[in-house]
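One structure is given below, encoded as structure tokens.
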Amino acid sequence: MNARILPYVLILPVTLFLCLFFLYPFVLVSKQAFSTGAGFTLDNFREVVSYWKFPISMQNTLLLAAAVVPVQLALALLMATMVNKMQKGRDIVLYIWTIPLGISDLAAGIIWLAIFEQSGFLNSMMSGLGIVDQPVNFLSYQHPGVVFLAIALAEIWRATAIMLVILVAGIGLIPKEYYEAAEVFGASPWKRFTRITLPMLRPSLQTALVLRVILAFEIFAVVAALGGTLFPVLMGETYAYQFDLLNSGAAAAMALIILGISIAFTLVILRVLRVPKGATI
Amino acid sequence: MARIEIKNVAKTFGAYQALHDINLTIEDQEFMVLLGASGCGKSTLLRIIAGLETATTGEVWIGGRRIDNLSPKDRGISMVFQNYAVFPHLSVFENIGFGLRMQKLPNDEVTRRVERTAGLMHIEQLLKRYSGELSGGQRQRVAVARALAMEPDVILMDEPLSNLDALLRMEMRAELKGVLAESKTTAIYVTHDQVEAMSMADRISVMHQGEIVQAASPIEVYRNPSAEFVAGFIGNPPMNFLPAKPADSGKWAVAGQMMDGPGGGSASLKFAIRPEDLRLADTGFKAVAKVVEPLGAHLLVTCEVDGQLFRAVLDSDLKVKPGEVLTLTPQPDRVRWFDPQTTLAVA
């Protein structure tokens, strides 16, 4: 076959797939969001933004992302560095650390519910140790901090590994000679991490952060399991518009707002962690 | 003063003994080349001096101070790596200044030293670039400048020119030698390239299977190899060897010829001569020419003497055809003798 058209032929199937199952539905959702039956309008956006739960769910979503993602990043970096230093058993440790990835987010939420609920493990332990006289209902409106903490913990437990695997692969690509050179020229282990590992890991950090931040804005099932209506988030509100209020125009508008936030953050991450021309490995 | 003393250094990797009991003294400001084939332990020895590898036993002293228990940065060394290890995410300026920044030197001092060493290596115009925008030769210059900017007592170089093309290598060889002589540092230079070793070194340590076979000046290593290995390793083409049987006292029978040789009562010896120390004459070895290679400056003739491979470097004006029988006579003062049992030179 002609070598000039071969690449296009090869990407044709996936292009068709993406058009049919991503681009087309996206166009449909956009149409729904920008219309109420009588042409182009921003009414749906006005409606969802002016609803009293919108600011609080936006704030909760951003707060949660701001609390969870940095912790996950630090943990993933620490774990990736540790795994990389291991001589033996590296793969088995990596497999164990990535187990939570295989569990659905709802199931993960339920596991942490089993810990925090009134008859859960945490209460049994605390009353067993005599710290409390009777079980406490942690996941109630009286303890918003605990609700937030439980959701954050569940998210960190569940989704750190996705960053870990990307960073492990990225660290493995950095040639050892750079570390030896840094050591000879007087860089301490911490300096080697900040001056060599981190800057040379930028492409992997980009991927890991973009993926993780987008997923953080889509948080839903873990919040539903642990917080219920106590902790409204954007995705939960979208669900409510679509299935409780049967207002698919408003749901579509919410979905586009989440998409907009995700794109904005992706651009910021790509910009901040960009690698200058000529500075690649 | 940076005299390096390596005392009884040995290194094992599991069951493999990479270095056997190395003893070597390198004088202040000396240019020492560790020469050997790959796997001979020369890089391991360099890395032990650098502190990137720990010796299993033994001590390393620099300038009268024991340093083998110190971390690399406290040893007063700097290093040029084989693949340069020029940090891709830093500009050339920051690469050269990397070690100085780690020492927390003030900004103007860093700038002064970076600009001075960049000038020495003729890369002043590249300071703002990244390594991805540099050629191999330019990266090499950055790596050397980075090592020099530290103003170290000792500079260690691990095959620094092996990734350059032949012409550039020759140019850098001369330049590096000049720059290092001027900087008055002690230098240890690892290479498998004997031309590099011969042309740059004050002294060469020829290494083989984890041991130093001979440590001497280039011309001494070339003229008076202490062992058969050195004789066969140094020189291109290497020395010729022929078995010798004792005849009268001080006389040895070599390929049907009587030669003056060492006394003593050895049962057999090996006669050795460099290919360029052979002349065409009326008497001498009968050599059957097998391959004739005109190399311009001279004529390399590979022949057979007494069933042994034998090479002669002759005048390029000579007409020699394969199959022709040549009569070759050795220059008497260039003949060397080796004991086949110990493989060592016999005087």
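The values are calculated or read from the model by the stated rules, or taken from the named source; none is laboratory data. Just so it is clear, the structure is predicted and the values come from calculations on it, not from any experiment. Please note: Cβ atoms are built from the backbone with ideal geometry, for glycine as well, and neighbour counts cover all protein chains shown. Heads up: the accessible areas ignore ligands, DNA and RNA and are worked out on the full protein's heavy atoms, side chains in. Shrake-Rupley method; radii C 1.70, N 1.55, O 1.52, S 1.80 Å.
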Exercise for review: Restrict the check to the range B:238-246 and report whether at least one residue is buried (at least 22 other Cβ atoms within 10 Å of the Cβ) and either closer than 23 Å to B:N23 by Cβ or modelled with pLDDT of 95 or more (or both).
Suggested key: no
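Within the bounds of the range B:156-169, is there any residue that is among the hydrophobic types (A, V, I, L, M, F, W, C), more than 10 Å from every other protein chain (Cβ to nearest Cβ), open to solvent by less than 20 Å² (accessible area, probe 1.4 Å) and under 27 Å from A:R202 (Cα atoms)?
no
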Exercise for review: Specify the residue that is nearest to the other protein chains (Cβ to nearest Cβ); the eligible residues are those in the range A:178-216 that are crowded, with 21+ Cβ neighbours inside 10 Å and either touching a Gly at 6+ places or on another chain (Cβ under 7 Å) or aromatic (F, W, Y) (or both).
Suggested key: A:F185
**Study point:** Residue ranges of helices (runs of 4 or more DSSP H) in the range A:175-281 with at least 1 members more than 18 Å from B:A85 (Cα to Cα) and of a type in the set (S, T, N, Q)
**Key:** A:202-217, A:234-239, A:248-272
Check your understanding: Which is closer than 17 Å to A:L63 by Cα, surrounded by 18 or more Cβ atoms within 10 Å (Cβ to Cβ) and not aromatic (F, W, Y), of A:M235, A:M254?
Key -> A:M235
Review point. Considering only the range A:127-154, how many residues are touching a residue at least 24 places away in the same chain (Cβ under 8 Å) and either open to solvent by 30 Å² or more (accessible area, probe 1.4 Å) or hydrophobic (A, V, I, L, M, F, W, C) (or both)?
Key: 11
Revision key, fill the gap. Those residues of the range B:306-347 that are part of a loop (DSSP other than H, G, I, E, B), more than 17 Å from B:P243 (Cα to Cα) and among the hydrophobic types (A, V, I, L, M, F, W, C) come to a total of 2
**Study point:** A:G228 vs. criteria within 14 Å of chain B (Cβ to nearest Cβ), at positive phi and out of contact with any Asp or Glu (no Cβ under 8 Å at 6 or more places or on another chain)
**Key:** no
Review point. When only residues in the range B:62-98 that are in a helix (DSSP H, G or I) and within 9 Å of chain A (Cβ to nearest Cβ) count, which is surrounded by the fewest Cβ atoms within 10 Å (Cβ to Cβ)?
Key: B:D74
Point to revise | Breaking point among (1) in contact with a Pro (Cβ under 6 Å, 6 or more places away or on another chain); (2) touching a residue at least 24 places away in the same chain (Cβ under 8 Å), for B:G232 | key: (2)
**Study point:** Residue ID - farthest from A:A80 (Cα to Cα), chosen from residues in the range A:155-177 that are open to solvent by 30 Å² or more (accessible area, probe 1.4 Å) and within 14 Å of another protein chain (Cβ to nearest Cβ)
**Key:** A:E177
Review point. Any idea how many residues of the range B:170-193 are open to solvent by less than 40 Å² (accessible area, probe 1.4 Å), modelled with pLDDT of 90 or more and not small (G, A, S)?
Key: 7
Study note, to complete from the structure: Given (1) open to solvent by 30 Å² or more (accessible area, probe 1.4 Å); (2) of a type outside the set (A, V, I, L, M); (3) under 21 Å from B:K177 (Cβ atoms), B:G137 misses just (1)
Revision key, fill the gap. B:D202 vs (1) open to solvent by less than 20 Å² (accessible area, probe 1.4 Å); (2) closer than 30 Å to B:I22 by Cβ: all pass except (1)
Study note, to complete from the structure: the range B:99-196: helices (runs of 4 or more DSSP H) wholly inside it with 2 or more residues that are under 17 Å from B:F81 (Cα atoms) and either free of Cβ contacts under 8 Å to residues at least 60 places away in the same chain or in contact with a Cys (Cβ under 6 Å, 6 or more places away or on another chain) (or both) are B:136-149, B:166-183
Revision key, fill the gap. Only one of A:V275, A:V233, A:V184, A:V223 is touching a residue at least 40 places away in the same chain (Cβ under 8 Å), in contact with a helix residue (DSSP H, G or I) (Cβ under 6 Å, 6 or more places away or on another chain) and within 30 Å of B:G99 (Cβ to Cβ), namely A:V275
Practice item. State the number of residues belonging to the range B:266-301 that are touching a residue at least 60 places away in the same chain (Cβ under 8 Å) and under 29 Å from the mean Cα position of the chain (by Cα). Key: 7
Review point. How many of the residues making up the range A:125-151 are farther than 25 Å from A:A221 by Cβ and among the hydroxyl-bearing types (S, T, Y)?
Key: 1
Review point. Looking only at the range B:248-278, which residues are acidic (D, E) and farther than 12 Å from B:R336 by Cβ?
Key: B:D248, B:D260, B:E276
Revision key, fill the gap. Among B:V288, B:V254, B:V292, B:V301, the single one that is under 21 Å from B:D339 (Cβ atoms) and among the aliphatic types (A, V, I, L, M) is B:V254
Revision key, fill the gap. A:D43 fails exactly one of (1) closer than 30 Å to A:V168 by Cβ; (2) out of contact with any Leu (no Cβ under 7 Å at 6 or more places or on another chain), namely (1)
Study note, to complete from the structure: For B:G58, the lone unmet condition from (1) more than 13 Å from chain A (Cβ to nearest Cβ); (2) buried (at least 18 other Cβ atoms within 10 Å of the Cβ) is (2)
